[in-house]
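I have placed the structure first, in the form of structure tokens, so that the comments after it can refer back to it.
The values are calculated or read from the model by the stated rules, or taken from the named source; none is laboratory data. Predicted model, so just to flag it, every value in this text is computed and none were measured. Please note: Cβ atoms are built from the backbone with ideal geometry, for glycine as well, and neighbour counts cover all protein chains shown. Note: areas computed on protein heavy atoms with side chains; ligands, DNA, RNA excluded. Shrake-Rupley method; radii C 1.70, N 1.55, O 1.52, S 1.80 Å.
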Amino acid sequence: QVQLVESGGGLVQPGGSLRLSCTASGFNMSYWDIGWFRRAPGKEREGVSCISRGGSTHYADPVKGRFTISRDNAKSTVYLQMKSLKPEDTGVYYCARTWMARATIAPADFGSWGPGTQVTVPS
């Protein structure tokens, strides 16, 4: 019954913005750290951003200054606001959770992966 579902993906021109949502069901999201990850075509899944139970945030270098992660525990939702999008941001974006104290952004630290949402930024 534990489930995370991503939404908000789509086709965006370079320089555009998009906001992704990660909505939880079947568990109390407020007690979990939530991470955003992506898999670009032909590449391995990589960490993008994460937000802790206490609200601290971390961003991978390629998205620093452009992406913002936030959470609304009342809505059981974590957001990823993406700005100044580039073609290299193209990929399937996933969210996942971790109970680990001070987990890293590494995908191996996370579980209960959502099905993903496609983000496409054409060249």
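Express in nm, to one decimal, how much length is gained between TRP113 and GLN13 on full extension, taking 0.36 nm for each residue of separation and deducting their alpha carbon distance.
Roughly 33.3 nm would be gained on extension.
Give me the aspartates and glutamates in straight-line cross-link reach of LYS64: C-alpha distance below 15 Å, same-chain residues under 8 apart excluded.
GLU46, GLU88, ASP89
Under the Karplus relation 6.51 cos²θ - 1.76 cosθ + 1.60, θ = phi - 60°, what is the ordered set of whole-Hz ³J(HN,Hα) values for the range 104-111, x standing for Gly and Pro?
The phi angles translate into 8, 7, 5, x, 5, 7, 10, x Hz.
Under the rule that a partner needs its Cβ under 4.7 Å from the first Cβ, which Cys of the chain have none?
Cysteines lacking a close Cβ partner in the chain: CYS50.
Determine the sum of side-chain charges near PHE110: Lys and Arg each +1, Asp and Glu each -1, restricted to other residues whose C-beta is under 11 angstrom from that of PHE110.
Once all neighbours under 11 Å are counted, the net charge is 0.
Calculate, for the chain, the solvent-accessible area per residue in square angstrom, rolling a 1.4 angstrom probe over the heavy atoms of the protein chains.
50 Å²
Measuring from the lowest to the highest alpha carbon on each principal axis, how far does the chain reach, largest first, in angstroms?
Computed over the Cα atoms, the extents are 39, 25, 23 Å.
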